[in-house]
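The values are calculated or read from the model by the stated rules, or taken from the named source; none is laboratory data. Since the structure is predicted, the reported quantities are computational estimates derived from the model, not experimental observations. Positions of Cβ are backbone-derived with ideal geometry, glycine not excepted, and every protein chain shown enters the neighbour counts. Each accessible area value is taken on the protein alone, full model and side chains, heavy atoms only, with ligands, DNA and RNA left out. Shrake-Rupley method; radii C 1.70, N 1.55, O 1.52, S 1.80 Å.
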Amino acid sequence: MSSTQFDGDIDSFVSYLKSNRGLSANTLKAYRADLTACLHLFELRGVTDLNEITLDDLRSWMAVESRDHARSSMARKTVAVRGFFAWAYEHGVTNTDPAATLMTPSIPSTLPAVLTESQAEQLLDVAEHAVATNQYKDDGGAAAAPGSGKAAGKTADKSADTVNRSEAPARADKRDNARVTAESQRNAAILELLYATGIRVAELVSMDIADIDFSNRTIKVTGKGNKQRVVPFGLPAQRALETWLEQGRPVLARTATDAVKSRAANALFLGARGGRIDQRIARDIVHRAAREAGVPDISPHALRHSAATHMLDGGADLREVQEMLGHSSLKTTQRYTHVSIEQLKNRYGQAFPRA
């Protein structure tokens, strides 16, 4: 990231947001990058004082940025810049607020992609089947132990080194089988929880074991702006989570180094090396499961959209869905009513004889 002579002002603004707005670390990072890029451009144009920047300059900056960025990105960048100059004016950093009338680019209203209820069921069934197919059971050493039974005499004649070499591949296969089973159990639990609760992928990967209340079948979710909410989940998700926690998680936890293990000691979901799972892996799990199930390629966010749409289709109240998803505005949740209407129109067109 480029640095500018205005980095001190940017730092002060980001600190102000962190203290007063409760924005997430990711949002603060994005705002910082947006402001640094904007002010770096003005610095290249010879600007040495924030008071030199005018509304026309800011519009020129938007024109340059819009060549390479989508409208949604430009909307965020504009909000960051407008907020920065409003803060600067209020705190006496600048004499005026040149961004006061800077317009945010309009974003086309697009309906979120969703699975049908049957496709969602198919996705979860395939994940559950993968657990059953990959299930590895340690038989405790069903093969005769060295030195027992008829093989006792022959075994005794072998050197310890030879025995160790012959047993090593079997132990390695056993560990690999156990890991594959554990990852299948984790993947099934992730898919069930995403669909059952409609939580964001960032919320999923940050969850701790203590956030689950099995007695009430609820999870405590920390969302945007560190706002917390409690979300219910169903019996299939409970079963998948219990299987993962009791059988799969201990297997992956054993692969971690001591340092990684201590950092991920409370994490609900782990990666292959025993650390807290990251968002990229969680997204890959959903995309791969969609391919294996033969349903449209979806992201974790599409599972969130699907959960909301299916709840509304089932008769849930709009405000209940808003609370479950953690939307600050009811307008955001209302998008899913449009999805439901579109699906109803499609079914109407297919089924009604006089459509």
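Mean shadow of the stretch 1-40, computed from the convex hull of its alpha carbons, in nm²? The number I arrive at for the stretch 1-40 is 2.5 nm². Excluding ligands, DNA and RNA, the accessible surface per residue across the stretch 1-132 is 55 Å² with a 1.4 Å probe. The label point for Val79 and the one for Glu121, both projected 7 Å from the Cα toward the Cβ, are 3.8 nm apart. Using a simple spin-label model with pseudo-atoms 7 Å out from Cα toward Cβ, Asp213 and Val180 lie 4.0 nm apart. Once backbone amide H atoms are built at 1.01 Å from N, Ile277 has Phe269, Leu270, Gly271 as its partners under 5 Å, excluding neighbours fewer than 5 places away on the same chain. Across the alpha-carbon set of the stretch 169-277, the Rg to Rh ratio works out to 1.00, Rh being the Kirkwood radius. The residues packed around Gly22, meaning those with a beta-carbon under 10 Å from its beta-carbon, carry a net charge of +4 if Lys and Arg are +1 and Asp and Glu are -1. The Cβ shell under 14 Å around Val231 holds other residues with a net charge of 0, Lys and Arg each +1, Asp and Glu each -1.
Annotation: the stretch 1-89 has a Kirkwood hydrodynamic radius of 13.3 angstrom, from the mean reciprocal C-alpha pair distance.
Label separation (Glu292 vs Asp68): 3.9 nm, computed from points 7 Å beyond Cα along the C-beta direction. Note on the stretch 1-67: with neighbouring protein chains present and a 1.4 Å probe, carbon and sulfur make up 46 percent of its accessible heavy-atom surface. Rounded to the nearest whole Hz, the Karplus-based 3J(HN,Hα) values (6.51 cos²θ - 1.76 cosθ + 1.60, θ = phi - 60°) of the stretch 225-235 follow the sequence x, 6, 7, 9, 8, 10, 10, x, 9, x, 5, with x at glycine and proline. The alpha carbons of the stretch 221-315 occupy a box of 48, 34, 27 Å along the principal axes, longest dimension given first.
The slack between Asn95 and Arg283, meaning 0.36 nm per residue of separation minus the straight C-alpha distance, is 63.1 nm.
Heavy-atom accessible area, probed at 1.4 angstrom with all protein chains present, ranks Arg45, Arg76 as Arg45, Arg76, highest first. Treating r as the C-beta distance of Thr54 and Asn26 and R0 as 35 Å, the FRET efficiency rounds to 0.65.
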